[in-house]
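Heads up: the structure comes next, in structure tokens.
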Amino acid sequence: MSTLLLTHPVFLEHAPPDGHPERPDRLRAVNKILEHESFDGLIREEAPRGDPEDVVRAHPADYLHMLEQSVPDSGLEPLDPDTWMGPKSLEAAMHAVGAGTRAVDAVMNLEVSNAFCAVRPPGHHAETSRAMGFCLFNSVAIAAHYAVETYGADRVAVVDFDVHHGNGTQEIFWGDPDLFYGSTHQMPLFPGSGEVSETGEGNIFNAPLRAGDDGERFREAMRSRILPSLNAFEPDLLIISAGFDAHHKDPLASLELTEEDFVWATLNLMDIAARHCDGRVVSMLEGGYDLQGLASSAAVHIQALMRGSGDREAPELEDVD
Ligand SMILES: [Zn+2]
């Protein structure tokens, strides 16, 4: 059993305007660090194009059609002040969807222990009918619905440690007690949601942090609010919205997390998945805007997935810096 890595060259062709933080170099930095020999044990696949039938598990068909009609032949079209559509942006977003559903197939069928999807654009800000915050489709929400509807999963959890609140995932999951959303995030910060009092049907668990909070505060929030509620939920599949913009070097936020904090969170989430769902974890890249902080954090997160997957060839953490 091992760890699956899904990515696709089209993710580099979604190119927002110059100076935009959510840029192709982000994924180039992740791809480059994953060339290190310590990642030779990964099973690597190209992410397939997502099926429109899967997109509409979380978004109405009208929304998909609106985005299809927004694709420019050249140049860039704004969908909101932060979110841009270029000629290849929809293709990239469709392959991000396909990465998520392929990863669900692989872990539900026990082909692999767990999977990481190195994708762009991110997805957790996309609401049912609204692109925002660099996101077109909510890939984790689509993957969760896909697992329920294709594999009969009774309960699917998304845990989101991106520094921004995943308002889109919360909104899509809001009324469904079989879907769990747990998030640590900086507040106040974009998008403005994520208060502890936002609880949906008792299936939403927000643990906001303050600017300047470090790994200790992050771990305390995970230990006191996210991990116990996730454990009580007993998921059949755990999906991670893996954003690395809570890293201390990130230019878009002000938390002080280190690589070790991402490893700690990953291993604790994997422990709960091992207890309830044979370790089935699908992790999808969300944010992370300092190239070095993003690459090193994604690297140790993936190494933790590999170590926990029972792959004895997987490296120790200090092998990559
Ligand atoms: Zn973010």
message: Can you list the helices (runs of 4 or more DSSP H) lying wholly within the range 214-316 that have 1 or more residues being among the charged types (D, E, K, R), open to solvent by less than 40 Å² (accessible area, probe 1.4 Å) and within 20 Å of GLY166 (Cβ to Cβ)?
response: 259-277
- prompt: Picking from HIS145, HIS124, which residue would you name as being under 18 Å from PRO60 (Cα atoms) and either out of contact with any Asp or Glu (no Cβ under 8 Å at 6 or more places or on another chain) or away from the ligand (no atom under 16 Å from the Cβ) (or both)?
  reply: HIS145
query: What do you reckon, is PRO177 open to solvent by 20 Å² or more (accessible area, probe 1.4 Å) and in a strand (DSSP E or B)?
result: no
message: Residues that are of a type in the set (D, E, K, R), within 14 Å of the ligand (Cβ to nearest atom) and in a loop (DSSP other than H, G, I, E, B): does the range 194-207 have at least one?
response: no
query: Residues in the range 247-256: is at least one away from the ligand (no atom under 15 Å from the Cβ) and either under 30 Å from PRO81 (Cα atoms) or at pLDDT 95 or above (or both)?
result: yes
- line: Residues of the range 26-73 being in contact with a His (Cβ under 7 Å, 6 or more places away or on another chain) and more than 30 Å from GLY293 (Cα to Cα), in sequence order, are ARG57, ALA58
- prompt: Looking at the range 159-168, is at least one residue among the hydrophobic types (A, V, I, L, M, F, W, C), within 10 Å of the chain's Cα centre (by Cα) and more than 14 Å from the ligand (Cβ to nearest atom)?
  reply: yes
- prompt: Tell me, which residue of the range 257-281 that is out of contact with any Gly (no Cβ under 7 Å at 6 or more places or on another chain) and of a type in the set (A, V, I, L, M) is farthest from the ligand (Cβ to nearest atom)?
  reply: ALA274
statement: Pairing a residue in the range 69-98 that is closer than 11 Å to PRO48 by Cα with any residue that is open to solvent by 50 Å² or more (accessible area, probe 1.4 Å) and in a strand (DSSP E or B), where Cβ atoms lie under 9 Å and the two sit 6 or more apart in sequence or on different chains, gives HIS95/GLU46
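The values are calculated or read from the model by the stated rules, or taken from the named source; none is laboratory data. What you are looking at is a predicted structure, and each value in this text was computed from that prediction instead of being measured. Note that each Cβ is placed from the backbone with ideal geometry, even for glycine, and that neighbours are counted across all protein chains shown. Accessible surface is based on the protein model in full, side chains and every heavy atom, while ligands, DNA and RNA are left aside. Shrake-Rupley method; radii C 1.70, N 1.55, O 1.52, S 1.80 Å.
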